[in-house]
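I have placed the structure first, in the form of structure tokens, so that the comments after it can refer back to it.
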Amino acid sequence: MKLKLVPFFALLMITTFQSCTVENPYAPISNPTTPIVPTVSIPANITVTKGDAVATSNFTSTPTGATFAWTNSNTAIGLAANGSGNVPQFTATNSGATTIIATITVTPTLNGTVGTSSSYTITVTPTAPSSGTPTVTVPANITVADKGTVAASSFVSTPAGGTFAWTNSNAAIGLAVSGSGNVPQFTATNTGTTAIIATITVTPTVNGVKGIPSSYTITVNPTPPTSIAITLTGSASGSTISHNAGKNCMSCHTPGTSAGSKGVWVIGGTAYSSSAGTSIAKNMVIKFYTGPNGTGTLKYILNGDALGNLYTAKTVDFTGGLYPAVTGPTTTKYMGSSITNGACNSCHTGGTGTARIWAN
């Protein structure tokens, strides 16, 4: 994001999800030493027929540079039970008469820190389905945190008009082991300290003909630890709404410059009660995680004031990127992409531009 400087009272907070972080020129705090928890990007779910070649995977990590360890839940597909690096190309196998499904779980490690696991499925059919064999479209893989809400599914069959039966490989996520129709909305659970993964396998039936199963995964991350989170405070009382509310505070309050009585911030922005930025939001809380959507480690907590200002001059370590979550009285808005500086309103312009920093 670009940095600009604004007068002192423009201690605005970031818009909708982008948080800015500011450094205190008067009482700097040393950067935290908490290791960054890496995440991994994986392929979409794969469906092939026995004898088909499954291409080599291409895992990537955030931050970059991680190594990968993977496990395979079903070696009958022709792939080893585990390995390191990318999954190699292999020829899919299926010696039975029904479809088989394997869950590939990938765990990144960066600088000795084990990261957040992600998974995808490989489905192998025994023979190429005929044009009349029903199929089902399932959701993309889902990742939530403990106590997060998983929306009801919306399965679609081809041909249309099918019924659905589904199974869940891991009831610990808070979902029954089987059911019919769509998977209902439920509250995800994870009482442990590591991510848990469930494979949801859906089988369609159309006009009495059972179709080809498809599957997706639901990953539930544990509640991030809060004991290590650093609370970021402002260095002014916030006695007024910024005269540049919603603008880029960092255009004036820029670290590395002499802002005099204006103050020098590491994060600055304005919080609103809607994405369009029509009204200032009071007492918002922004949490910064090392992973998207409230995953990874909670590193910082920034409290807004009753005038919508969000700002701090405390030292913030943006290494590897931080993922803001904006919490209001009733909702929390998660940011799925990372920020690497605190000039929040330089992107959260509102109106016809990027949505404001907001929650309600």
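Selection over segment 112-136 of residues that are under 19 Å from residue 169 (Cα atoms) and open to solvent by 20 Å² or more (accessible area, probe 1.4 Å) gives a count of 2. Could you tell me whether residue 275 is polar (S, T, N, Q), within 25 Å of residue 306 (Cα to Cα) and modelled with pLDDT of 75 or more? Yes, satisfied. Suppose we filter segment 187-204 for residues that are within 26 Å of residue 37 (Cβ to Cβ), open to solvent by less than 30 Å² (accessible area, probe 1.4 Å) and part of a strand (DSSP E or B); how many remain? Within segment 187-204, residues that are within 26 Å of residue 37 (Cβ to Cβ), open to solvent by less than 30 Å² (accessible area, probe 1.4 Å) and part of a strand (DSSP E or B) number 3. Are any of the residues in segment 7-30 open to solvent by less than 40 Å² (accessible area, probe 1.4 Å), modelled with pLDDT under 65, within 30 Å of residue 312 (Cα to Cα) and among the small types (Gly, Ala, Ser)? Taking every residue of segment 7-30 in turn, at least one turns out to be open to solvent by less than 40 Å² (accessible area, probe 1.4 Å), modelled with pLDDT under 65, within 30 Å of residue 312 (Cα to Cα) and among the small types (Gly, Ala, Ser). I'd like to know if segment 112-123 contains one or more residues that are among the aliphatic types (A, V, I, L, M), in contact with a helix residue (DSSP H, G or I) (Cβ under 8 Å, 6 or more places away or on another chain) and either more than 30 Å from residue 181 (Cβ to Cβ) or outside any strand (DSSP E or B) (or both). No, there is no match, as no residue in segment 112-123 is among the aliphatic types (A, V, I, L, M), in contact with a helix residue (DSSP H, G or I) (Cβ under 8 Å, 6 or more places away or on another chain) and either more than 30 Å from residue 181 (Cβ to Cβ) or outside any strand (DSSP E or B) (or both). Filtering segment 298-314 to residues that are surrounded by 19 or more Cβ atoms within 10 Å (Cβ to Cβ) and under 30 Å from residue 65 (Cβ atoms) leaves 298, 299, 300, 302, 312, 314. Of all residues in segment 85-100, those satisfying the criterion of being at pLDDT 95 or above and open to solvent by 40 Å² or more (accessible area, probe 1.4 Å) are 86, 88, 89, 91, 93.
The values are calculated or read from the model by the stated rules, or taken from the named source; none is laboratory data. It should be emphasised that the depicted structure is a prediction, and the values quoted were computed from it without experimental measurement. Because the Cβ atoms are built from the backbone with ideal geometry, glycine has one as well, and the counts that use them run over all protein chains shown. Heavy atoms of the whole protein, side chains included, go into the accessibility calculation; ligands, DNA and RNA do not. Shrake-Rupley method; radii C 1.70, N 1.55, O 1.52, S 1.80 Å.
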